[in-house]
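Contents: one structure, followed by commentary.
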Amino acid sequence: MTADTQDLVHYDAVVIGAGFAGIYMLYKLRRLGLSAKVYETGDDVGGTWYWNRYPGARCDVESLEYCYSFDPELAQEWEWTERYPAQPEILRYAQHVAERYDLYQDIQFNTKVTRAAFDDRTGRWLVSSAAAIDHIDHNHAPAGATTDLVAADYLICAVGCLSSSNVPDISGIDTFAGEVCHTGRYPKEGIDFAGKRVGVIGTGSSGIQAIPVIAETAEHLTVFQRTPQYAIPARNHPLDPKEQAQVKAEYRRLREKNKAQQGALGARFDWNEGSVLDVEATEAFKEFDARWEIGGFAFLGAYGDIARNPEANHVAADFVKAKIRETVTDPEVAERLIPTTYIGCKRLVLDTDYFATYNRDNVALVDISENTIAEITSRGLCTADGTEHDLDVIVFATGYDAMTGSLLRIDVCGRGGLSLAEQWHAGPRTYLGLSVPGFPNMFTITGPGSPSVLANMIVCIEQHVDWIGDCISYMRAKGHRHIEASEEAAEAWVDHVNLVASYTLYPTCNSWYLGANIPGKTRVFMPLPGFPPYAEKCDQVAAAGYEGFQLISS
Ligand code: N01
């Protein structure tokens, strides 16, 4: 970057992304009296909940827990309508927050940050941005279309863990005559499936939510499944105002209790510590049945060793397999839907009528685990055995280049021109998931190495934003100009994350937690299991004068 940086507009902080992390960060920076600019690719706030407009999109964390807690008045005034919030309601909530705290004025929409480089000469970040183009894979900004260059003391990446959509490179995709979309980049105007032959590729959380809804209107739906998934009924329902009032009467206590849970959620359910192996199978099945009726992640709280012990995991998995066989009337289809991985090893999915959807006459399941998709033609999709599936619409529910994709698609360069891609060539290396060695004054909200996707994202976001805010205040009070994680601290942190993960069954399957869904991506377990010890560690680091960081005053 050769611009004369003295002439550039300067902000104390630039924030990338106006999702839940970005807008709370902006609020926090304002409260600290700092100038800030937020860049956002979409044309409104909401982040992942702005883009994920696919039919059936709904959060798998309960509404009363999937919201901010930083302002008790906000928490009391917002009324949720359902147990689990649907995408439009979450988006309205994000918009409400942005309006309530007058945040819109500092957010530049329809703008993609293309490059962020630390300028060794001035000790500031130089941030380039361009007009965003709307495209199925719009993570790629148009080359050379830089429209804006600003300078900032702090670069705060609030880019989201699941924002960089993964569209598989299937030959012929551009020749398809029908409509194509990705669930994470779903068109605002929606898609009318009535009278159409629809193909859905992918059976993760997004596919499993979309499939039953699309099946209701499509003439025919073909589901292309590479790996079967475990799903537990969500048991969504309208929220009883009395129940909501009761929860809100003790809201602070509930939110604090949540923070003491491993996943920072579900404080209203019992999370048993006991082993499923200490009880008779009939008793275990009774407990699982009760939790199946409650719905949601309460299922995983039945016993403490499901996520850790293979034998214990089998008991829980067998229960769900029995439910699938009970629900799906065609035994051959049921067997194709039975997962072979450990339950919970990939993120457990909460569903509404997913397995029952395969009993409909207009729904077919195609196993593409071995008979892979060979090509997409103008008429549809062709599998390796030569079978042609004629389609009018193809929905990619193929997930994300998770946790690192959104950051690496920006050309981020630290001290001495070190690129983030180089720094992370063997997998993401952060200290606390908050900071990267070689990248002074850059913070990553819910970055790799923090609990993030293994916990309630909103709780994780608030904890990170509060920590970053405190850190900046500390630096200003002490006259420090730069903060940077040390190589040793990051090294030790990556080892710690891997060690903690190794006590669980998470690393045993090909999940996006490991980057296994993206061809060529280095396989490293990225999130850290366990919110409470993590938050405690962050507090300890701060209390010890930001141990593991180098603080530089000039
Ligand atoms: O993505 P996924 P998602 N050819 O990666 C398949 C959160 N979320 O968007 O398992 C064929 O889970 C892939 O197959 P396989 C939540 O954290 C939350 O569904 O890799 N198939 C898989 O079946 C979730 O975990 C909510 O073998 C291909 C599917 O596509 C995360 O987002 C709702 C393929 C992708 O599943 C991601 O969920 C939605 C290929 N080349 C999402 N590539 C809620 O809150 C991938 N697949 C409820």
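The values are calculated or read from the model by the stated rules, or taken from the named source; none is laboratory data. Values in this document were obtained by computation on a predicted structure and should not be read as measured data. Here Cβ is always computed from backbone atoms with ideal geometry, including for glycine, and neighbour counts include all displayed protein chains.
I'm trying to understand the selection: among the residues of region 74-84, which are in a loop (DSSP other than H, G, I, E, B) and either within 16 Å of the chain's Cα centre (by Cα) or over 11 Å from Arg58 (Cα atoms) (or both)?
First, the residues of region 74-84 that are in a loop (DSSP other than H, G, I, E, B): 78-81, 83-84.
Within region 74-84, Trp78, Glu79, Trp80, Thr81 qualify.
Hey, any hits in region 403-414 for a residue that's away from the ligand (no atom under 16 Å from the Cβ), among the polar types (S, T, N, Q) and modelled with pLDDT of 95 or more? Within region 403-414, not a single residue is away from the ligand (no atom under 16 Å from the Cβ), among the polar types (S, T, N, Q) and modelled with pLDDT of 95 or more. Scanning region 431-451 for residues that are more than 14 Å from the chain's Cα centre (by Cα) and among the hydrophobic types (A, V, I, L, M, F, W, C) returns Leu432, Leu434, Val436, Phe439, Met442, Phe443. From Asn510, Asn517, which residue is surrounded by fewer than 18 Cβ atoms within 10 Å (Cβ to Cβ), under 18 Å from the mean Cα position of the chain (by Cα) and farther than 15 Å from Ala307 by Cβ? On inspection, the qualifying residue turns out to be Asn510. The condition of being within 26 Å of Val363 (Cα to Cα) and surrounded by fewer than 18 Cβ atoms within 10 Å (Cβ to Cβ) holds for Gly195. Here Leu407 fulfils each of the conditions (1) in contact (Cβ under 8 Å) with a residue 40 or more places away in the chain; (2) part of a loop (DSSP other than H, G, I, E, B); (3) not hydroxyl-bearing (Ser, Thr, Tyr) apart from (2). If you go through region 445-464, how many residues are buried (at least 24 other Cβ atoms within 10 Å of the Cβ), part of a helix (DSSP H, G or I) and more than 16 Å from the ligand (Cβ to nearest atom)? Number of matching residues: 1.
Comparison of Ala57, Ala21, Ala36, Ala13 shows that the only residue that is buried (at least 21 other Cβ atoms within 10 Å of the Cβ), closer than 25 Å to Glu189 by Cβ and out of contact with any Gly (no Cβ under 6 Å at 6 or more places or on another chain) is Ala57. Go through region 192-212 and count every residue that is assigned to a loop (DSSP other than H, G, I, E, B) and at negative phi. Residues flagged as assigned to a loop (DSSP other than H, G, I, E, B) and at negative phi within region 192-212 amount to 5.
Among what's in region 341-380 and is within 13 Å of the ligand (Cβ to nearest atom), of a type in the set (Asp, Glu) and touching a helix residue (DSSP H, G or I) at 6+ places or on another chain (Cβ under 8 Å), pick the residue that is farthest from Val395 (Cα to Cα).
Applying the first criterion (within 13 Å of the ligand (Cβ to nearest atom)) to region 341-380 yields 341, 344-352, 354, 365-376.
After this cut, where a residue has to be of a type in the set (Asp, Glu) as well, the list is 351, 367, 370, 375.
Now drop any that are not touching a helix residue (DSSP H, G or I) at 6+ places or on another chain (Cβ under 8 Å), which leaves 351, 367.
On the way: Asp351: 18, Asp367: 16 Å.
Once the filter is applied, the top-ranked residue is Asp351.
If the condition is being more than 13 Å from the ligand (Cβ to nearest atom), within 24 Å of the chain's Cα centre (by Cα) and charged (D, E, K, R), then region 181-206 contributes Lys188, Glu189.
Between Ala397, Ala426, the distinction of being within 16 Å of the ligand (Cβ to nearest atom) and touching a residue at least 60 places away in the same chain (Cβ under 8 Å) belongs to Ala397 only.
Here's the yes/no breakdown for (1) closer than 27 Å to Ala13 by Cα; (2) not β-branched (Val, Ile, Thr):
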{"residue": "Glu82", "(1), (2)": "no, yes"}
{"residue": "Ile90", "(1), (2)": "yes, no"}
{"residue": "Ala98", "(1), (2)": "yes, yes"}
{"residue": "Gln105", "(1), (2)": "yes, yes"}
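Kindly indicate which of Phe297, Phe319, Phe355 is among the aromatic types (Phe, Trp, Tyr), in contact with a Phe, Trp or Tyr (Cβ under 6 Å, 6 or more places away or on another chain) and assigned to a helix (DSSP H, G or I). Selected residue: Phe319, the only one of Phe297, Phe319, Phe355 that is among the aromatic types (Phe, Trp, Tyr), in contact with a Phe, Trp or Tyr (Cβ under 6 Å, 6 or more places away or on another chain) and assigned to a helix (DSSP H, G or I). Residues in region 224-246 that are over 18 Å from Leu350 (Cβ atoms), more than 10 Å from the ligand (Cβ to nearest atom) and crowded, with 18+ Cβ neighbours inside 10 Å: 0 in all.
Identify, from the list Glu273, Glu243, Glu189, Glu216, the residue that is without any contact (Cβ under 8 Å) to a residue 24 or more places away in the chain and in a loop (DSSP other than H, G, I, E, B). Working first, answer last.
On the way: Glu273 fails: without any contact (Cβ under 8 Å) to a residue 24 or more places away in the chain; Glu243 fails: in a loop (DSSP other than H, G, I, E, B); Glu216 fails: in a loop (DSSP other than H, G, I, E, B).
Answer to the selection: Glu189.
Within region 229-240, one or more residues are more than 23 Å from Thr81 (Cβ to Cβ) and part of a strand (DSSP E or B).
Going by the structure shown, is Glu332 over 28 Å from Leu454 (Cα atoms) and of a type outside the set (Val, Ile, Thr)? Here the answer is yes, as Glu332 does meet what is asked.
Per-residue answers, yes or no, for (1) over 22 Å from the mean Cα position of the chain (by Cα); (2) at pLDDT 95 or above; (3) assigned to a helix (DSSP H, G or I):
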position	(1), (2), (3)
Ala3	yes, no, no
Ala18	no, yes, no
Tyr24	no, yes, yes
Lys37	yes, yes, no
Asp44	no, yes, no
Asp60	no, yes, no
Glu65	no, yes, no
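Residues in region 99-124 that are under 24 Å from Glu77 (Cα atoms) and not aliphatic (A, V, I, L, M): Glu99, Arg100, Tyr101, Asp102, Tyr104, Gln105. Is it the case that Gly405 is surrounded by 16 or more Cβ atoms within 10 Å (Cβ to Cβ), small (Gly, Ala, Ser) and in contact with a helix residue (DSSP H, G or I) (Cβ under 6 Å, 6 or more places away or on another chain)? No, not satisfied.
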